[in-house]
Every structure is written in C-alpha cells, then in structure tokens.
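Shown next, in structure tokens, is the structure this report addresses.
The values are calculated or read from the model by the stated rules, or taken from the named source; none is laboratory data. Small disclaimer: the values here were computed from a predicted structure and weren't measured. Neighbour counts run over all protein chains shown; Cβ positions are idealised from the backbone, glycine included.
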Amino acid sequence: MALDQSALLDLLGQLKLTDVSDRIRAATETLYQQLIEAEATAFIGAAPFERSEARTTQRNGSRPRTLTTTAGDLNLKIPKLRNGSFFPALLERRRRVDQALYAVVMEAYLHGVSTRKVDDLVKALGAETGISKSEVSRICEDLDHEVGAFRDRDLSAMDYPYVFLDATYCKARVGHRVVSQAIVVAFGVAADGRREVLGFDVGDSENEGFWTAFLRSLKARGLDGVKLVISDAHSGLKKAIGTVFQGAAWQRCRVHFMRNVLSTVPKGSQDMVASIIRTAFVQPDAGHVNTQFDEVTRMLLKSHPKVAAMLGDARDDVLAFTGFPARHWRQIWSTNPMERVNKEIKRRTDVVGVFPNPAALLRLAGAVLVEQHDEWEAGDRRYLSEASMT
C-alpha cells in the first residue's frame, strides 16, 4: 500500500501550496484513498493493470463519495467493478442520512417550531448546548449540493425498460400552515437488470401538472427506452404517463387494484373473491392468464356484479405485464418493490414529524434515496438477470 517516491513527491508539492489546516485534510484524503485502493486490490486479487491468475474481476471506473471527518470533507473515489460490487469497510453507508436528519432537526429548532419532542431529539443527537446557524447552514449546503447533484445526473448512458412511480406523504410548514406534501419517487430497472433511483421531488399534491413536470424532468435528463410504467391508478398520474411516455405500456399495480376491488365487497366475502381473482395471476403464460381473467369476470358477474364491472374496465391495464417475459412478471405487476423504500422514508421522516419547510423534507428524503441507490449499486444481486433483460 506504500506510496512510491514519485507519488510522495507529488503529494509533498501539493502540501507546500496549501495552508496547515488544508494540509491535514489533503494528507488524510490521500491516506483514505490509498486504504480504499488497497482493500479493492485485495478484493479483486490484483492491482490496477496487474496481470494475475488470482484476479476475480476488473475495475470499471469509479464513483465519487464525500466523507465528512474532523479534518474536513474528503473527496474519495470508490472503484466500480465489471462484475460484482465493492464498498470499502472504512465508509459508513448511512452517514449521509444521519447528517440529513441532524440538519433537519436543527433547522426546525432554529425556525422556532421546536417542541419537547424536537428538544429531546436535539439532546439525543449530542447537541445539548445547541448549534450555531452557520453550522446548520454548512451542513445543509453540503447535503443540498450532494442530493441536488444526484437528482440532476445524466440518465442517457443506459435504457430503462421498466419504470416504477409512487408517492408517500409527509407534513411540512408552507406559508405558516402545516400541509401535506407528496414525495414522488421514480425507480428504474436498467437494461442490465440493475435497479436505480431515477428521480424524486416534493410537491403540494399528486395532480396532473405536478406529475407531468416531474416526468418531463426525467426525460430532459436522458431517460429513454421506457417500455412499461408501473404505478397506481391516480388519475393525475395516469394522464401524465400517457402524455410524457407515449408508446410505453402502463401497468396498473395489481395490489392497489385488489384493495380497490375488495373495498366494494362485504367483509365476509372478501377472502373468497380475492382467491378467485388471484387464480388469473398464477397461470403459466399470457394466453392462460387472459382466458382465466375472463372466466373469473364471468364467475363473479351474478354474485358480485360491481366487481365484475371493475375487472372488465381494468382488464387491459391490470394485465399489461403479460406482454413481457414471464420470468419478470412477479417483479413488474405491482409497485410492491417500492414499498420497503417508502417505509424507510416514512421511518426517517416520522422522527421529525412536521418539517420546517419543503426543502428540509426534500433533503432528508433525498438522502435516504441516495443511500438506497448506493446500496443497490454496491449489491451483488441484480433485480432482474442480465440474460433475461436481453
């Protein structure tokens, strides 16, 4: 791991041009980067450009990561691999989220919306003596820059055949009133089978104009190759999808649809009706799925005519998944893959309760989503196999 003489001389030359505090930061950054490279070399079985029989994969560029330390912010590079993934043991995966939560609580405190709950949170975070406005501003500025850079990143390098859309709600102060704010999120499955967080935003409601602007922002960043969009049947969202993703199919989330159907059925009959409808989704191929769905509709026509009418109206949208490979069906016929991430956003935001402003909500939700994206990128498993995507 030792630096060679040339690298040491280059580092010495850089340190001479900086002040004492920045020298410490630069030296620490170099040390951390060398430790990361050494760990990557051990993981791969070979150093960069080294020929070795022990090599298990090859490097494929790097991704940036900022680490906040007592020596300052360190701008590090994490090696990416052609096969598999690597994440250095030195870095904490949840560091960014903890910083965001800290900043949000402090900002709430400074904006005069503190309660006993917020005071307890401040103490739990180790800030019994308070924190200065300049410190909060610095933390917020760093996080906003990082989250903003992620939200604005280019998406044109790869196609995303499957796009999932969903929203969750939190409380924030807007114009001296506490209102419900929608956190809208877009996930995508790339052509190589990996999941990515494509984008997110915070708005007043899930109306058509808001969703249309959000989806157009994704296309402006290079989102392309969309074959299927999966979401619930919110009218504003459905219209926005039809406007922005012309030519792509729309899959109505079967889980949300089932909830809507069962809400019209007496409680004593719900299990029976649900079991009958589910028989359509366990068929081996598209032909059998369509045939069974029509049979289920006929079966329920006399006993539950309202359910039969809902099945008939939603037929094409609920069965859109049948136009895609059968091995993908379970992953693309509902928005369930987004539920775990939405729960994590709610778990984090519930700690705060009411956010001082929408920007604070976007900061914390964005930090959670950036961390989720990093975990997917560093994970060993793809959401869908590369072979099946081909």
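Can you find even one residue in the range 218-241 that is touching a Lys or Arg at 6+ places or on another chain (Cβ under 8 Å) and loosely packed, with under 15 Cβ neighbours inside 10 Å? No, every residue in the range 218-241 fails to be touching a Lys or Arg at 6+ places or on another chain (Cβ under 8 Å) and loosely packed, with under 15 Cβ neighbours inside 10 Å.
So that you can scan it fast, the table gives a plain yes or no per residue for (1) in the same structural domain as residue 184 (by TED's automatic domain parsing); (2) in contact (Cβ under 8 Å) with a residue 40 or more places away in the chain; (3) of a type in the set (Val, Ile, Thr):
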site: 326; (1), (2), (3): no, yes, no
site: 341; (1), (2), (3): yes, yes, yes
site: 344; (1), (2), (3): yes, no, no
site: 350; (1), (2), (3): yes, no, no
site: 354; (1), (2), (3): yes, yes, yes
site: 360; (1), (2), (3): yes, yes, no
site: 364; (1), (2), (3): yes, yes, no
site: 379; (1), (2), (3): yes, yes, no
site: 386; (1), (2), (3): yes, yes, no
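In the range 213-240, which residue that is of a type in the set (S, T, N, Q) and within 21 Å of residue 256 (Cβ to Cβ) is farthest from the chain's Cα centre (by Cα)? Filtering first and then ranking leaves 235. Taking the criterion of being of a type in the set (Val, Ile, Thr) and not in a helix (DSSP H, G or I), the only residue of the range 342-382 that qualifies is 354. Among the candidates 223, 198, 218, which residue alone is of a type outside the set (Lys, Arg) and in a helix (DSSP H, G or I)? Result: 218 is the single residue among 223, 198, 218 that is of a type outside the set (Lys, Arg) and in a helix (DSSP H, G or I).
Per-residue answers, yes or no, for (1) in a helix (DSSP H, G or I); (2) modelled with pLDDT of 75 or more; (3) within 14 Å of residue 86 (Cβ to Cβ):
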residue: 1; (1), (2), (3): no, no, no
residue: 9; (1), (2), (3): yes, no, no
residue: 14; (1), (2), (3): yes, no, no
residue: 23; (1), (2), (3): yes, no, no
residue: 31; (1), (2), (3): yes, yes, no
residue: 35; (1), (2), (3): yes, yes, yes
residue: 40; (1), (2), (3): yes, yes, yes
residue: 43; (1), (2), (3): yes, yes, yes
residue: 49; (1), (2), (3): no, yes, no
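Among the conditions (1) at pLDDT 85 or above; (2) buried (at least 16 other Cβ atoms within 10 Å of the Cβ), the only one that residue 348 does not satisfy is (1).
Can you work out which of the residues in the range 51-65 that are in a loop (DSSP other than H, G, I, E, B) and of a type in the set (Ser, Thr, Tyr) is farthest from residue 374 (Cα to Cα)?
It comes out as 52.
Selection of the range 336-390 for residues being of a type in the set (Lys, Arg) and in contact with a helix residue (DSSP H, G or I) (Cβ under 7 Å, 6 or more places away or on another chain) yields 348, 363. The lone criterion from (1) within 26 Å of residue 389 (Cβ to Cβ); (2) charged (D, E, K, R); (3) not assigned by TED's automatic domain parsing to the domain that holds residue 151 left unmet by residue 227 is number (3).
State yes or no: is residue 360 of a type in the set (A, V, I, L, M), crowded, with 19+ Cβ neighbours inside 10 Å and within 23 Å of residue 164 (Cα to Cα)? Considered against the rule, which asks whether it is of a type in the set (A, V, I, L, M), crowded, with 19+ Cβ neighbours inside 10 Å and within 23 Å of residue 164 (Cα to Cα), residue 360 comes out as no. Answer yes if at least one residue in the range 298-312 is loosely packed, with under 15 Cβ neighbours inside 10 Å, within 23 Å of residue 85 (Cα to Cα) and hydroxyl-bearing (Ser, Thr, Tyr), and no otherwise. There is no residue in the range 298-312 that is loosely packed, with under 15 Cβ neighbours inside 10 Å, within 23 Å of residue 85 (Cα to Cα) and hydroxyl-bearing (Ser, Thr, Tyr).
Residue-by-condition table, conditions (1) assigned by TED's automatic domain parsing to the domain that holds residue 385; (2) farther than 18 Å from residue 342 by Cβ; (3) modelled with pLDDT of 90 or more; (4) within 17 Å of the chain's Cα centre (by Cα):
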{"position": "147", "(1), (2), (3), (4)": "yes, no, no, yes"}
{"position": "162", "(1), (2), (3), (4)": "yes, no, yes, yes"}
{"position": "185", "(1), (2), (3), (4)": "yes, no, yes, yes"}
{"position": "197", "(1), (2), (3), (4)": "yes, no, yes, yes"}
{"position": "207", "(1), (2), (3), (4)": "yes, yes, no, no"}
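For the range 308-322, does any single residue satisfy the condition of being within 21 Å of residue 242 (Cα to Cα) and among the polar types (S, T, N, Q)? Yes. From the list 188, 209, the lone residue that is among the small types (Gly, Ala, Ser) and over 20 Å from residue 344 (Cα atoms) is 209. Looking only at residues in the range 279-288 that are of a type outside the set (Val, Ile, Thr) and surrounded by 13 or more Cβ atoms within 10 Å (Cβ to Cβ), the one that is nearest to residue 333 (Cα to Cα) is 281. Of the residues 243, 264, 279, which is in contact with a helix residue (DSSP H, G or I) (Cβ under 7 Å, 6 or more places away or on another chain) and assigned by TED's automatic domain parsing to the domain that holds residue 184? 243 is the lone residue from the list that is in contact with a helix residue (DSSP H, G or I) (Cβ under 7 Å, 6 or more places away or on another chain) and assigned by TED's automatic domain parsing to the domain that holds residue 184.
Based on what the data block shows, is residue 251 closer than 30 Å to residue 365 by Cβ and at pLDDT 95 or above? Taking the combined requirement at face value, the residue satisfies it.
Within the range 250-267, the set of residues being free of Cβ contacts under 8 Å to residues at least 60 places away in the same chain and outside any helix (DSSP H, G or I) comprises 263, 264, 265, 266.
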